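Throughout, read-outs are computed from the coordinates displayed, never taken from laboratory work. If you're wondering where the values come from, they're calculated on a predicted model, not measured in any experiment. Positions of Cβ are backbone-derived with ideal geometry, glycine not excepted, and every protein chain shown enters the neighbour counts.
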Amino acid sequence: MQKTTKTLLFAIYILVVVCMGAATVIEKYMGSDYVASCIYGSWWFVLLWAVLAALSIVYFVRHMTKAWTGIALHMAFVIILVGAFVTHVSSQRGQIHLRKGVFSNQYTIVDKDNKYHEATLPFEIRLDSFEVKYHAGTDAAQDYVSIFTINDDGKTVKGKVSMNKIFSYGSMRLYQASYDNDMLGASLSTNSDPIGIPVTYTGYALLFISLVGMLLDPRGAYRKLLHNKMLKRGALLIAMLFGMYAPNVNGAYAADKSGDVKARYLPQETAEQFGNLFILYNNRICPMQTFAIDFTKKLYGAGSYKGLTAEQVLTGWIFWGDDWMNEPMLKIKGSELKNTLQLPDYVSANTFFNKEMGGYTIGPYVKEYYDGNHDKFNTQAVAIDDKIQLLVNLQRGVELKIFPYTQQGKTTWLAPTDEQPQTMSLQNKRFIKSVLALLYNEAEAKNYKHMDEIVGKLQKYQASNAGTSLPTASQVAAERTYNDIPFANNLFMLCLTMGFVTFMYTVARLCRKCRTGNSFDTHADIIIVWLSRGIMLAAFISLSYCEYLRWTISGTLPMANGYETMLFVTWIVMLVSLALSFRFRILLTCGFLMSGFFLLVSHLSEMDPQITHIMPVLNSPLLSIHVSIIMIGFALLSLTFICGLTAIIVRYLNHNSADIMLALQQLSLLFLYPAIATMGIGIFVGAIWANVSWGEYWGWDPKEVWALITFMVYAAALHPKTLPQLHKPIVYHIFMVVAFCTIIMTYFGVNYFLGGMHSYA
């Protein structure tokens, strides 16, 4: 009976995990509404969870642990499931559409089958005003604010909702949802769940207490692990080897001589003056240097071109666009386009303009793409078309939104081609129309001193007409520093080089130790360890400075997109490996490898390193808490992966490695417990944030689902009594290596394959 219960329990456990993973794939092709009604909201899925909870209770009672943390932890999951069920059957969601000055008691509710029905509110509500708040000088929304009045049997209540700031009236909570185009109406989401939320939050509170207690309980498994003799006697003290710094892969471009550039360009000093101007770019006000770097990278794939700075490239295109149309700086990434059209890796823009072939030669392929043919050839043609359109818009002046105009406290940034406001002074109108022409004439005449003077006047114009939209001096200084130093690029090459070299050295040392049994360090080993630790410290300080700069520039914690979260998880890996390297030197290798890998992925992938204003819905302190805690968990689990990989390789090379295998298992468990704790806390903090933001603490989004799958898979490793096979070091290490695939799926698979609300792609 006991064995049957155990077998059935894990069969249902695996089935739940598989069903959730399959549902995320089905959602990609069938849509969210389909999986919401046919899987997540279906009777059989609810029954699966109910059976899993029931079997878990039966098994737990029969094998009840004496540790209070274990009891509280499993009780927490049961309470959370009960709360989720109560919410599923008793909560009521809806939406109210309001028009300014009009009382209404009608709203639309959503039933359990995601069908909409009209219903009557227990009160009347009127929209008094709606406002979209923007970041100064931009079209980037900072917040959406609805102010309304509730009339309940003569009782009048004033209310206000905005993003992440809800309004509660009785059991009903109101959320900002959307607004009408004429700004005279707004839609509010409603949620009424007076029983389910308190029950679920009770489960979350108990989960938090038990997860923290799991790490602090003196009689718990984790504290016993910390006193393990194998960890104490330093069986894993491994000497690290100093790695050589790899050359900058983009440095080849910078090493080229600018004499190879046939097009005309400004001297570096004059071009830098242009870089100090401000521009509305990517929906924020930033130095033109930032726009120049992104412009050059998009065209050429690097931040410089044959020894010319990005500012020189940009100003060259502005003043001598016809010359630069013949410059081979457009990088073609795909082989299909190159092979079909017989093109080199770098071509000029004029390559795609031929009167004898009908003018714009890739125009038909671009049309095919937008007609539905998304094969690799047409996709690559569109990528080139995007670059050419950027050049065309730049030469027309469309991209140069460098002229601010402020009226009644609202600032608009204009391009020279934009229609000038009628209220603008005649003097400013004439300045906008003439200043670029004057600069062009001086550039042709090579009067660079006069150009600097004109640019100085343009800077004064911006300062006097930009209102409050200009960034602060500290933000400007931070951005220019950030632009000048390729932090992530340099660090990933350093860390990967150190990682691979020290990893091979570590494996060799472990194998030699298995043969000789000698674990003593020479003086050379000690010197090498400290050199490696010094390199890790330097890398950590550099990355910390990079994070500080991005924080200063944006004004918010840098965790708003995939690139920033990848930098943060790298920062955590470096911090953990550096701090614990004094006890476990192997963590220096782990830290170098994983930080190098994360930085490489952020460098090579489609992650966007651009700094942008954060979306209003993300403007919450809970976001920073949620993301940071989850990323800490991912970072710690990545170290368990390296421990597992090292153990498997050592086992393959030398069968006499039982002590090393066991020691690596203990070290892996040292990270696994806090990783599980942080992941669990991070998940329920995210759920609370979701409930505060849009009234649903769990929406079965693919990222949410795969985070839960990751938690459930790794949690299995904390049950060695139930799964005695995991006592064996080799089985444990193989499990940890395979389990790491769930993290890859959670972070990268969801972002770039499944999509969803949480996707960073």
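What is the extension gain from Y29 to L225, computed as 0.36 nm multiplied by their sequence separation minus the C-alpha to C-alpha distance, in nm to one decimal? Show your work: numbers first, answer last.
Values: separation 196, 0.36 × 196 = 70.56 nm, distance 4.57 nm.
Working it through step by step, the gained length comes to 66.0 nm.
Dipole orientation for the chain: of the candidates N350, V89, V573, V573 has the Cα lying most toward the positive pole (charges on Cβ; Lys, Arg +1; Asp, Glu -1).
Spherically averaged projected area of the convex hull of Cα atoms, the range 277-390: 8.0 nm².
Would you list the membrane-span-like helices of the chain, meaning whole DSSP H runs whose alpha-carbon atoms span at least 24 Å along their axis and whose mean Kyte-Doolittle value is at least -1.0? Helix filter hits for the chain: 2-30, 43-62, 68-90, 196-216, 376-396, 426-444, 487-516, 523-554, 562-580, 586-604, 621-653, 658-694.
Evaluated on the range 92-192, the Kirkwood hydrodynamic radius is 14.0 Å, with distances taken between all distinct Cα atoms. For K158, a cut-off of 18 angstrom between C-alpha atoms picks up these aspartates and glutamates, skipping any fewer than 8 places away in its own chain: E124, D128, E131. Name all residues of the range 656-690 having a backbone nitrogen under 17 Å from the label point set 7 Å from the Cα of H719 along its Cα→Cβ direction, giving them as ranges. Flagged as within label range: 673, 676-677, 680. Ranked by the mean number of other Cβ atoms within 10 Å of their residues, highest first, the peptides 586-598, 194-206, 121-133, 299-311 come out as 586-598, 299-311, 194-206, 121-133. Computed from the Cβ-Cβ distance with R0 of 45 Å, the FRET efficiency linking S171 to V738 stands at 0.45.
Between the range 74-95 and the range 312-343, what's the alpha-carbon centroid distance in Å? If we compute the Cα centre of each part, the gap is 57 Å. Taken as Cα centroids, the range 32-56 and the range 639-667 sit 39 Å apart, rounded to the nearest whole angstrom. For a straight C-alpha distance cut-off of 20 angstrom, no lysines are reachable from K115 once same-chain residues fewer than eight places away are disregarded.
In deg cm²/dmol, rounded to 500, what helix-only [θ] at 222 nm does the chain give when every DSSP H run of at least 4 residues adds -39500 (n - 2.57) and the total is split over its residues?
Details: 26 runs with 432 residues, N = 761.
The helix-only estimate for the chain comes to -19000 deg cm²/dmol at 222 nm.
By the rule of a C-alpha distance below 15 Å, with chain neighbours fewer than 8 residues away ignored, the aspartates and glutamates paired with K367 are D375, D385, D386.
For the cross-link pairs K429/K460; K133/K460; K262/K449; K429/K457; K410/K433; K297/K376, the ones whose C-alpha atoms lie over 19 Å apart are K133/K460; K262/K449; K410/K433; K297/K376.
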